[in-house]
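Readers should treat all values here as calculations from the given coordinates under stated rules, not as data from a laboratory. Quick caveat: nothing in here was measured; it's all calculated off a predicted structure. FYI the Cβ positions are ideal-geometry reconstructions off the backbone, even for glycines, and counts take in every protein chain you see.
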Amino acid sequence: MNSLKGYIKGTGWAKFIAVVNIVGGVLSMFGILSIPIGILAIIAGIKLWNTANNLQNYEITEKEEDLKKALKNLSDYFTWYGWAIAIGLAMVLLVIIASLFFTSSLIY
């Protein structure tokens with residue numbers, strides 16, 4: 001396989017976003033309804049951190065296994081973060097519906 005290490009950029013930004021995901025997930029854990037979102041965000045952040053580490057390892061060693069691990073972790077990151085977003089949107093929708101129901105019951 002040709003060397004791809006010249007194409008690897010942004011691992012520092014990936015680690016920054018991973019830390020933001022993890023910290024945001026921890027902060028989400030303070031709300032009862034947002035605990036599932038927090039857990040998923042923390043897992044996603046860890047996956048992104050591992051992606052950056054695997055890419056940095058690949059830059060040094062050029063082992064195909066490091067690149068495969070990076071791609072697997074990146075795929076897992078998008079899956080976990082996608083679930084966090086989907087659950088968050090579902091919760092927002094439920095809160096809106098509950099608010100409308102509660103408001104309409106107060107009016108009548």
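The phi-based Karplus calculation (6.51 cos²θ - 1.76 cosθ + 1.60; θ = phi - 60°) puts the 3J(HN,Hα) values of the stretch 36-46 at x, 5, x, 4, 5, 5, 5, 4, 4, x, 5 Hz, whole numbers, x for Gly and Pro. For the listed peptides 59-71, 31-43, 92-104, a ranking on the average number of other beta carbons within 10 Å per residue, highest first, reads 31-43, 59-71, 92-104.
Rounded to the nearest 0.05, the FRET efficiency derived from the C-beta distance between K68 and K9 at R0 = 22 Å is 0.70.
Under the classification rounded if a/c is under 1.5, otherwise prolate if a/b is larger than b/c and oblate if not, where does the chain fall, given a ≥ b ≥ c as square roots of the Cα gyration tensor eigenvalues? Here the chain falls in the prolate category. Between the helical axis of 64-107 and the longest alpha-carbon principal axis of the chain there is an angle of about 10 degrees. When you restrict to C-alpha pairs under 8 Å that are six or more residues apart and normalise by the size of the chain, the relative contact order lands at 26 percent. Restricting attention to the chain, lysine pairs at least eight places apart or on different chains and with alpha-carbon atoms under 15 angstrom apart total 8.
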